[in-house]
Amino acid sequence: MTVTRVPEKPPLAYPAALRALTGCAAVTALLLWQRRMHLPRQRVGTELRFADGTAARIFRETMVDRKVIQDPCVLVVAFRLRAVRGRGHALFRRESLLNTVLFVGFPGFVSKLWLADDERGRYRGLYEWDGPELAENYARALWRVLALVSEPGSIHYVVLPGLRRDAWLERPPAVPGAARDAAAWWRLAGVS
């Protein structure tokens, strides 16, 4: 499988990000009322290994009922929290459920795998989205929120058009070379 990616762009302007997040919260409330949001447990505990030599376990999954996905893509977001160490990571993982209102209601959201912090203290979210442009818009809006709690320069995202999340997990693309590449934080190397 050949992986193509959309180049990362800067965050949305503050007013645009605020409008997007406000609209998302309203749609999230509707999805909750309609009972269309779920927290499946099948993948919780699964370890994902990345081409930069790091690994992280899935600690939560969130999904929304959708009938048809017309333009699938995978979105991977990474960040390192500022001033969170030791037991603070466990507290963040519990508290993070409250952050669901920041993404579930965005247009095109399908699912998210929440990954615990890796060996470098970096968190990842691995999403499936319906529409690469919609995924990118979300990532650029989320950036503004993450910037409030993340180490400067640690926020990154990658949009991978044409991929279904589960197919990507079942058959990760080959990563050329044996060297661990720090820029390959998003490249899935294996699942166990």
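The values are calculated or read from the model by the stated rules, or taken from the named source; none is laboratory data. As the structure is a prediction and not an experimental result, all values here were calculated from the model. Glycine gets a Cβ as well: all are built from the backbone with ideal geometry, and neighbour counts include every protein chain shown. Keep in mind that these areas ignore ligands, DNA and RNA; they rest on the heavy atoms of the full protein, side chains included. Shrake-Rupley method; radii C 1.70, N 1.55, O 1.52, S 1.80 Å.
For this structure, a couple of remarks:
- Qualifying residues in region 148-169 (those that are open to solvent by 50 Å² or more (accessible area, probe 1.4 Å) and assigned to a helix (DSSP H, G or I)) - the one nearest to TRP186 (Cα to Cα): ASP166
- For region 104-143, the set of residues classified as under 17 Å from VAL191 (Cβ atoms) and among the small types (Gly, Ala, Ser) consists of SER111, ALA116, GLY125, listed by residue number.
- Within region 53-77, tally of residues that are basic (Lys, Arg) and in a strand (DSSP E or B): 2
- The residues on offer are ARG5, ARG19, and the sole one that is more than 21 Å from ARG94 (Cβ to Cβ) and in contact with a Leu (Cβ under 6 Å, 6 or more places away or on another chain) is ARG5.
- Hits in region 7-40 (condition: β-branched (Val, Ile, Thr) and free of Cβ contacts under 8 Å to residues at least 12 places away in the same chain): THR22
- Boolean, LEU12 is of a type outside the set (Gly, Ala, Ser) and not in a loop (DSSP other than H, G, I, E, B): no
- Residues in region 25-49 that are part of a strand (DSSP E or B) and either crowded, with 16+ Cβ neighbours inside 10 Å or hydrophobic (A, V, I, L, M, F, W, C) (or both): MET37, LEU48, ARG49.
- Region 50-93, subset among the aliphatic types (A, V, I, L, M) and at pLDDT below 90, residue most open to solvent (accessible area, probe 1.4 Å): LEU91
- In region 170-186, the residue that is nearest to VAL76 (Cα to Cα) out of those that are modelled with pLDDT of 90 or more and crowded, with 18+ Cβ neighbours inside 10 Å is TRP186.
- Residue in region 98-119 that is in contact with a helix residue (DSSP H, G or I) (Cβ under 8 Å, 6 or more places away or on another chain), open to solvent by 20 Å² or more (accessible area, probe 1.4 Å) and of a type in the set (Phe, Trp, Tyr) present: no
- No other residue among GLU133, GLU119 is charged (D, E, K, R), outside any loop (DSSP other than H, G, I, E, B) and modelled with pLDDT of 90 or more apart from GLU133.
- Residue pairs whose Cβ atoms lie under 7 Å apart, sitting 6 or more positions apart in sequence or on different chains, and linking a residue in region 44-61 that is within 17 Å of ARG171 (Cβ to Cβ) to a partner that is among the acidic types (Asp, Glu) and assigned to a loop (DSSP other than H, G, I, E, B), are ALA51/ASP181.
- Residues located in region 7-24, provided they are under 20 Å from LEU160 (Cα atoms) and open to solvent by 40 Å² or more (accessible area, probe 1.4 Å): PRO7, GLU8, LYS9, PRO10
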